[in-house]
Amino acid sequence: MQCLKPEPELTTTNVVTINVGGENFQTTKQTLTQAGPNSLLSQLAETTSDRFVDRDPVYFSLLLSLLRTGALPSKVKDFDLRDLIEESRYYGLESLLTNSLTNPSQLDAFALQKSSILPLNGRDSPSAVATTPFGSLHVSHGSKITSFDWSLTRKSTILTQFPAVDSLLAISPDTAAAGATDFSGLQILDLQNGSVKQTLNWENATRSGSTVQAIGSSGEFLFTSFESSRRNSNSIMVYDLNTLNPVTEIGHNEIFGADIDSAIPATKLRWVSRYGLVMASGSHSGLSGVSGNIRFWDIRSGNVVFELKEKIDCFSDICVSDNLNAVFKVGVNSGEVFYTDFRSLSSVNDNSNPWICLGDKRKVINGKKEGFGCKIENHGNQVFCSKGGDIELWSEVVMGSAKTSNGSEDQSTKRDFKKNMMGRVKDMGGSRITNL
């Protein structure tokens, strides 16, 4: 016969009673400490005086359920989300609330639909969009930047010194880096009061002003692509993301004569965390068509690790996916989506074509640029490509991988991707998608 041990009883010192707006709630110290050491509830757990909070008890019960189970109860749908956000801020629970409602792993790319339209003051169309890990969103339109919190409620609109903001990067929920292709300097903006906290400049040998062509970041660095106002030099500067002090300079080109490659500044910067590299890409339209280059920089050595020179069907836009371990592009002439496996870049030379077409391999008719204006971005295991008002969704179909004679995976085996369509023109109002 097995004797069952009785469950330990809660000691009176472990039980906490809190009076919220005249209604008593009983919980444990362990539950309250889930709110974090700097929260009001953790402080109440340690106090021995009267625990009274002059707030709405109904919203407190929802937040207490969040602490107990890690999720909000189903009845939360009956309440105003903005009021719940304000209550979470009072108790210091906003980060927990954000994680419970905006978990990126819950994204179902096949079920996406237009959910809301964000209000923007003025007549200018959005030119750049920046998001933060905290769920907040910043949108530039004309010379203004409008900020939304993670519930997509508008927080503020500030007026910048730029004629138009072309590059925007969120550094924190209330701080952003902004630049323009026709205004010198990278500005670090305080989005709460609309002030310029700091301006970062780059000067070439002639000490002319420099405009910003692209911005990117990693966990510790800020990357900025500059071009001199005379367009005779360009550079990629690396700054410490916390102090904004310059760390190193890569890709510095002084242009002499007709050296087209050195005349192309990077117009897109992306951090490849899997390999610790910076992807810098740029293109140029000339008499012979559109040409460009894609370089992967090691910022520690300042050297190019991989380089792709684009001449036949140059990219309209490009992205790199850590999850899929691949680089994707939209051909500016064909409008097709191509990919190349990142692991095969080391074997690429000037005469080889590493790109594999995912589309129908349509022929270019009369030199029409089918991919002009198309954008491509990735999220998780999906790649999104805008074409006019449509969005193509590409997902990899996992098949059995081939093995080489020594038992390793055959990297030359073609990978299979399937396409789905979403956001038809009639749903998007007939507008061209300019950002993803």
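Listed here are the residues, each with its yes/no results for (1) over 18 Å from residue 377 (Cα atoms); (2) free of Cβ contacts under 8 Å to residues at least 40 places away in the same chain; (3) not assigned by the TED database to the domain that holds residue 97.
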site: 116; (1), (2), (3): yes, yes, yes
site: 129; (1), (2), (3): no, no, yes
site: 133; (1), (2), (3): no, yes, yes
site: 142; (1), (2), (3): yes, yes, yes
site: 167; (1), (2), (3): no, no, yes
Checklist entry - Quick one: which strands (runs of 3 or more DSSP E) sit completely within region 193-263 and have at least 3 residues that are in the same structural domain as residue 162 (by the TED database) and open to solvent by 30 Å² or more (accessible area, probe 1.4 Å)? => result 195-200, 246-254
Checklist outcome for this item: Among residues of region 275-304 being open to solvent by 60 Å² or more (accessible area, probe 1.4 Å) and either in contact with a helix residue (DSSP H, G or I) (Cβ under 8 Å, 6 or more places away or on another chain) or not assigned by the TED database to the domain that holds residue 376 (or both), the residue farthest from residue 324 (Cα to Cα) is 284
Checklist entry - Can you tell which of 215, 264, 294 is closer than 30 Å to residue 394 by Cα and at pLDDT 95 or above? => result 215
Checklist entry - For region 50-84, which residues satisfy the criterion of being more than 22 Å from residue 15 (Cα to Cα) and not in a loop (DSSP other than H, G, I, E, B)? => result 74, 75, 76, 77, 78, 81, 82, 83, 84
Checklist entry - Do any residues in region 206-221 that are over 17 Å from residue 245 (Cα atoms) and hydroxyl-bearing (Ser, Thr, Tyr) have Cβ atoms under 6 Å from those of residues that are outside any strand (DSSP E or B) and open to solvent by less than 40 Å² (accessible area, probe 1.4 Å), where the two are at least six apart or on different chains, and which pairs are they? => result 210/202
Next on the checklist: Being of a type in the set (A, V, I, L, M), open to solvent by less than 60 Å² (accessible area, probe 1.4 Å), within 16 Å of residue 341 (Cβ to Cβ) and modelled with pLDDT of 60 or more is the requirement here; does residue 383 meet it?
Outcome noted: yes
Checklist entry - In region 154-172, which residue that is open to solvent by 40 Å² or more (accessible area, probe 1.4 Å) and in a loop (DSSP other than H, G, I, E, B) is farthest from residue 231 (Cα to Cα)? => result 161
Checklist entry - Got at least one residue in region 107-130 being modelled with pLDDT of 80 or more and of a type in the set (D, E, K, R)? => result yes
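Residue-by-condition table, conditions (1) under 25 Å from residue 133 (Cβ atoms); (2) surrounded by fewer than 17 Cβ atoms within 10 Å (Cβ to Cβ); (3) at pLDDT below 85; (4) among the aromatic types (Phe, Trp, Tyr):
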site	(1), (2), (3), (4)
39	yes, no, no, no
46	no, yes, yes, no
53	no, no, no, no
67	yes, no, no, no
98	yes, no, yes, no
Next on the checklist: For region 386-416, which positions are of a type in the set (Gly, Ala, Ser) and modelled with pLDDT under 85?
Outcome noted: 388, 389, 400, 401, 402, 405, 407, 408, 412
Item to check | Hits in region 363-378 (condition: open to solvent by 80 Å² or more (accessible area, probe 1.4 Å) and modelled with pLDDT of 60 or more) | outcome: 368, 369, 370, 372
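The values are calculated or read from the model by the stated rules, or taken from the named source; none is laboratory data. These numbers were taken from a predicted model, which means no experiment stands behind them. All Cβ positions, glycine included, derive from the backbone under ideal geometry; neighbour counts span all protein chains shown. Just the protein is used for accessible areas: all its heavy atoms, side chains included, with ligands, DNA and RNA removed. Shrake-Rupley method; radii C 1.70, N 1.55, O 1.52, S 1.80 Å.
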